[in-house]
1. What number, in percent, do you get for the relative contact order of segment B:7-101 if the mean sequence gap of Cα pairs under 8 Å and at least 6 apart is divided by its residue count?
2. Just tell me how shielded A:17-27 is by partners: mean number of partner chain Cβ atoms within 10 Å of each residue's Cβ, no decimals.
3. When the accessible area of each residue in segment B:37-52 is compared between its chain alone and the complete protein assembly (1.4 Å probe; ligands, DNA and RNA ignored), which residues differ by at least 20 Å², being lower in the assembly?
4. Taking only protein heavy atoms and a 1.4 Å probe, what accessible area per residue, in Å², does segment A:332-409 have with all protein chains in place?
5. Starting at the first residue of segment A:40-53, write each ³J(HN,Hα) from the Karplus equation 6.51 cos²θ - 1.76 cosθ + 1.60 with θ = phi - 60°, in whole Hz, x for Gly and Pro.
6. Could you tally the net charge around B:Pro82, taking each other residue with its Cβ under 14 Å from the Cβ of B:Pro82, Lys/Arg +1 and Asp/Glu -1?
7. What residues does segment A:69-113 have that are buried by at least 50 Å² of accessible area in the full protein assembly compared to the chain on its own, 1.4 angstrom probe?
8. Starting from segment B:1-64, pick out the trypsin sites (Lys or Arg not before Pro) whose DSSP state is loop and whose Cβ has at most 15 other Cβ atoms within 10 Å.
Amino acid sequence: MKVVTPSHIEEIKSIVKTGKVLTDESDRFSYSFDGSFGTFLPDVVIQTKSVEELASLVKLANREKIPVYPRGQATSLSGGPLPVKGGMVLDLSVLDDVLEIHEEDLIAVVSPGVLTADIHKAAEKKGLMYPPDPSSSHVSTIGGNLAENSGGPRGLKYGVTKDYVIGLEVITPEGEIIHTGGRTVKNVTGYDLTKLIVGSEGTLGIITKAILRLLPKPPASETIMAVFDSLVDAGSAISKILSSGILPAKMELMDQASIVAVENYEPLGLPVDAEAIILIELDGHPLALKDEIKQAAELCYLVGARAVRIPKNEAEKAEIWKARKLVSPAIVRIKPTKISEDATVPRSKIPQMCARLQEIRDKYNIHLVVFGHAGDGNLHPNIICDKNDIEEMRRVEQAVAEIFTAAVELGGTLSGEHGIGTMKAPFMEMELGPVGLDMMKRIKKVWDPNNIMNPGKIFPEKGQKLELS
Amino acid sequence: MKESLEELREEFQYNKTNSCVQCGYCLPVCPTYVTTRIETHSPRGRINLVKMVGEGKITDLSVLEEPLDLCLGCRACETACPTGVEYGSILESARAALVKRKKFKAPVRLLRKTMFQNVFPSKTAMNVIGNTFWLYEKSGLQKAMRKTGIMKKLPYHLGEFEATMSQAVSPAERKQAPSKAKAKGEKKYTVAFFTGCIMDAMFHRINRLSVQLLAEAGCDVIVIPNQTCCGALHAHSGEIEEAKRLAKQNIAAFEQENVDFIVNNAGGCGAMLHEYDHLLADDPEWADRAAAFTAKSRDISQVLVACGGLPNLRSNPEERVTYQPSCHMTNVQKVTEEPLNLLKSISGINFVEMEQANMCCGSAGIYNIINYDASMDILDEKMKHTKATGASVVITTNPGCLIQMKLGIEREKLSDSVRALHLVEYLAEAAGIS
Ligand SMILES: Cc1cc2nc3c(=O)[nH]c(=O)nc-3n(C[C@H](O)[C@H](O)[C@H](O)COP(=O)(O)OP(=O)(O)OC[C@H]3O[C@@H](n4cnc5c(N)ncnc54)[C@H](O)[C@@H]3O)c2cc1C
Ligand code: SF4
Ligand code: SF4
């Protein structure tokens, strides 16, 4: 049953003077998915660039108790923008007018619909850098990145989205427009609402503008590739380098399954008999880099690297990083369904987590591929399966639950970057404890008394379980 | 008629939609998404609609009509897709499945039948079109008509397209078109030339120049009789059976001669020829013959490069040149370097690359006629980037693109300072061939 009635649609149309109100069946289906699982039809999809119109729509929704779902480009891997309870989807990707770089303040002011990669480009033009670099940067919106608190390989040295947001404009679930933070890096006036909104997955309000901090772009970068005969040794190498005083910009891991998958997909001459390779990028002053590269190479040998390769030119560098880039596309050629987890552990626990993952793989007889931002403990255990095979999906569900348990037991977390959404909600209590989870629920209740803003996310419903089959 | 889900899945190629992981990597390259900003008109959206049919969630198939109609079929999404979704193939089967069920209004049905079964494949009919253009241009009628503004009132905006037609060739000249040309100097290859239906009728001169350039580069060229339309327009409109029939006729015709390559000069036709093997893969009698045909099919730029290029190409120093690649050449035939290499081999050429060159111009077969408004939005984007290059010559490699770029130039009122040419025309100019 639709929660939005024809008279609501009339009212919505009278509010939206500058945009589009989509209600056709084809449109409703086209806003029913994201990069994860499930099909949920919204009753109406609204596109407008006007913040005032958006605020009026939220007021209407709050009054009529119609669920509202902010949406960027729907690349979420955890179900964030899915309209699970019907209602209105607000497509914020069209709200993309502002992209200003203020060099003198080292900040950027952006609309939520701007693609993250466009911020990278604009900053770089002025010799600056916006460090958060989720691999979906060229298709995901900054609004989505803020709501999911996204991160990427550079998180190791530079941190994630939340470390670069200093101010926001937000429409509250009751339809008011507020401003949090400001244009200064230092700001201790009251509670830090900016950081509360970042990572709230669209459940506390709609971000309509953001002020981001920028850094000067490092003058140079170097890359190393180290090859290991044991995954656990590779894990140790990561911990060793990180405790040696060197802080690489990126440190990425590929296990044997991902190496083989990439070679089958596009032969690049990778060592398919190795159990793991790590790719390291260092950035900074060219003179300092020379030294650090040598030191990192020696450390890799020390913990048992079979070979270390330092590319001599940009082309060779690009070749090495290409291998990492191809992992995602390569592994889905094995089987069509990819369950992409992002459980994260403290850096020192990386070797243990690698060992636990291998156990889980064998126990449930699943196709598990481990790769990702190993340097910050954010391993990406990906399970490659076929969603049409129900028996297999049951095993996958169990394996996923066990991966979460392993991460939490090792002092880590369910999600390093993809967010909770619908997929991980059932596991929240395991990590937070009943009181921790209840405090979050209370915050939500105060912000959104009618529970209209992106309902069904983060907080588990009674008896909710992970269901992939 | 109630159909089983299994049947629908088969017909719509549901299994192929499963390799779409909904990552959205195809959104920024899709011209219809970029211009509409609506997911329904994105590759991910279209694939999802087909998926929903396969999952029994969409039962009213008319829901798919508009989104699929508005797709250009440019297949830029395939090139961008990290997981290798076979979008072209999904689109083709979905369109065929829709056409099969659709009850066209009588006049439209008749028009479709006439155009697809009788006009494009028929040499005589296409000759009539070509001749009409010639007469029309030479008689001065064209000028007169343009002055009256009558052209603007033609249905389907055919008037605007009329403005882009030029240099039609007289019927006598078309009849005399050589059926053979001998390699200049040492012979490197023997090739058969694919004339194409629209190309031959409207751009006959480009075909003639193509044969001359091939000979110049060292090819013995044969123009085989009995060849017909490539079938691309049919396949893209869901008329798969007719496309197969034409493919078979071509394969049989070209089997008559033993050649190294089958050369075409139209990116769209070339893409179709390039996929005859897929089209007939399930037909035991034809699968191998189709594969042999496809293996020999080449774009003219590939053959010219394989011959070692053309000697003594000289540019006009006053001109600045840019290149608008044909989508089907880039995304289906995967020919991207050769045209650029040929252009860059012209001594002294002032070449500027266009931003977003790989974005479709909105021509897409007969898309610009059927979906005029959507096509013009896409063309406007293209012209923005074209103008930014400051080029006085825009090179294309496909007749549809050529007409569309000429139309873009007219619309921007740039006809006095900018011209659109087929690569072959420009190379001929540079080689001093007229
Ligand atoms: C191939 C691939 C690779 C990926 N790689 C990474 C990676 O390396 N690191 C990473 O962190 N993530 C990654 N992701 C996940 C995803 O890209 C990120 O979560 C991204 O931030 C989502 O952005 P989006 O614009 O698509 O937002 P959506 O998916 O549309 O929405 C995400 C969430 O944000 C909310 N939201 C969106 N806009 C607003 C707004 N203006 N105000 C309030 N709430 C809003 C939505 O309600 C939803 O909860 C990847 C995804 C894919 C498909
Ligand atoms: S073929 Fe072209 S227009 Fe159609 S979905 Fe793909 S990119 Fe878009
Ligand atoms: S890029 Fe490929 S996998 Fe990703 S959404 Fe588009 S078609 Fe699907």
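1. With pairs under 8 Å counted, the relative contact order is 39 percent.
2. Other-chain Cβ atoms within 10 Å of each residue's Cβ, averaged: 4.
3. Buried-area filter returns B:Arg37, B:Ile38, B:Glu39, B:Thr40, B:Arg44, B:Asn48, B:Leu49, B:Met52.
4. 37 Å²
5. Using θ = phi - 60°, the values come out as 9, 7, x, 7, 8, 10, 10, 10, 8, 8, 8, 5, 5, 4 Hz.
6. Neighbour charge sum, excluding B:Pro82 itself: +3.
7. A:Gln73
8. Filter output for segment B:1-64: B:Lys2, B:Lys57.
The values are calculated or read from the model by the stated rules, or taken from the named source; none is laboratory data. Nothing here was measured: the structure is a model prediction, and the numbers come from that model. Neighbour counts run over all protein chains shown; Cβ positions are idealised from the backbone, glycine included. Ligands, DNA and RNA are excluded from the accessible area calculation, which covers all protein heavy atoms including side chains. Shrake-Rupley method; radii C 1.70, N 1.55, O 1.52, S 1.80 Å.
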